[in-house]
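> Sharing a structure below in structure tokens format, with a few things to ask.
The values are calculated or read from the model by the stated rules, or taken from the named source; none is laboratory data. Since the model is a prediction, treat every value here as computed from it, not as a measurement. Note: ideal-geometry Cβ built from the backbone for every residue, glycine included; neighbour counts use all protein chains shown.
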Amino acid sequence: MVGGSVARVEIGGAGVLRLVEDFERDGSAGDELVALAEDRPELVAPHLLRLVETNMWLPAFVFRAMTEDTAGEVVRRIDEGLLPPGLYRLAAGRTAAAVDAFGRWARESPEWLRHFPDGLGKEGHVGGWELDPAGNRRDLTSRSATALVPVGEGGAPVSGGALDGKCGWCGLPMWRLLEVDRVLLADLFPDSPGPLVISTCARCGGYADIFTEQGRFVEENGEPGFLGEDEDGWELPDEGLLALGEARPDPWATGAGRGWSTLGGLPLWGQEPAYPACPRCSRTMPYVGQVTGRDLDGQWGQGCHYLFHDPGCGLSAVVYQQT
């Protein structure tokens, strides 16, 4: 996972240009560019075409402030064979130019599409969207993001504590990761207000995705091949009580320097994007938030729990990634 989020960066245009030139020359200044883009994306935006042209890897959020003009130029160069199809950079910007291009490429199947055996429908996941069957953008994330903070720093708990139901695999009580009203994510669930409870198993959740309905383990969970060893002495977390904190400055602001646990926004993946498919309807489940192992289980916690919900089917999911 990318770290390096810093206090608000103060740097002039010449300083930003120098970082970009250093990165173009030999890949140095990458960490500085990442920190700058995380805190001040508008300063990096004028240089995104140059960063795309390097074809060197940078985290997706570096490109989140890509303009329509820049996206259109990247699309043109890909069409003309002047740039390799580094689609994650386009996807991060969520621009109309990028969505239109993805839809067109999916229909026209350019030669390079053979490198994408699963097609382009899910290539937008890095930016929190995907192509629907008609080629339109389907948003999977909320434009609002709210920090989840220790209860002493916020209001009433919205995360933490055992629930009545038990894990269908090991029998431990299910652990509440989130309990809020969906109205807090109104742009994502405009027609589905009401309570939302998402839970996981403190033992099994680290080995398999877990599907629940209002916090209860459901029969759609297929048992994984490995669930840890019984003698490891599995216990419920001692901590993990979180409350709603302040609104984050933008949907991508879930970086290490701000605390990772967040309601809404876009996930900061520890590994590759892993939006689950709803086992009832097979559609990609929208993202609700993330709770870190550190917040769930104090200093001993590791990894991150990513939370999803399908309002149509009523199912929620938790995907764990080691960080």
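> Is there a residue in the range 12-32 that is in contact with an Asp or Glu (Cβ under 6 Å, 6 or more places away or on another chain) and assigned to a helix (DSSP H, G or I)?
Looking for residues that are in contact with an Asp or Glu (Cβ under 6 Å, 6 or more places away or on another chain) and assigned to a helix (DSSP H, G or I), one finds at least one in the range 12-32, hence yes.
Yes/no matrix, rows are residues, columns are (1) within 16 Å of Ala98 (Cα to Cα); (2) modelled with pLDDT of 95 or more; (3) of a type in the set (Gly, Ala, Ser); (4) out of contact with any Leu (no Cβ under 9 Å at 6 or more places or on another chain):
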site	(1), (2), (3), (4)
Glu53	no, no, no, no
Met56	no, no, no, yes
Phe61	yes, no, no, no
Glu68	yes, yes, no, yes
Glu73	yes, yes, no, no
Glu80	yes, no, no, yes
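> For residues that are among the β-branched types (Val, Ile, Thr) and more than 12 Å from Thr141 (Cβ to Cβ), scanning just the range 259-317, find the one that is modelled with the highest pLDDT.
That would be Val291.
> Can you pull out the residues in the range 233-250 that are surrounded by 21 or more Cβ atoms within 10 Å (Cβ to Cβ) and either modelled with pLDDT under 90 or out of contact with any helix residue (DSSP H, G or I) (no Cβ under 8 Å at 6 or more places or on another chain) (or both)?
Gly240, the sole residue that qualifies.
> What number goes with the only condition from (1) modelled with pLDDT of 85 or more; (2) within 23 Å of Thr212 (Cβ to Cβ); (3) in a loop (DSSP other than H, G, I, E, B) that Gly225 does not pass?
(1)
> Tell me, yes or no, whether the range 34-50 has at least one residue that is closer than 30 Å to Arg248 by Cα and not in a helix (DSSP H, G or I).
Yes, the range 34-50 contains a residue that is closer than 30 Å to Arg248 by Cα and not in a helix (DSSP H, G or I).
> Quick check on my filter: what residues within the range 68-87 are in contact with a Lys or Arg (Cβ under 9 Å, 6 or more places away or on another chain) and exposed (fewer than 12 other Cβ atoms within 10 Å of the Cβ)?
Scanning the range 68-87 gives a single hit, Leu82.
> In addition: For residues that are aliphatic (A, V, I, L, M) and assigned to a loop (DSSP other than H, G, I, E, B), tally how many sit in the range 58-72.
Count: 3.
> Here's a follow-up. Checking Ala14 against (1) loosely packed, with under 15 Cβ neighbours inside 10 Å; (2) under 23 Å from Trp129 (Cα atoms); (3) of a type in the set (A, V, I, L, M), which test does it fail?
Condition not satisfied by Ala14: (2).
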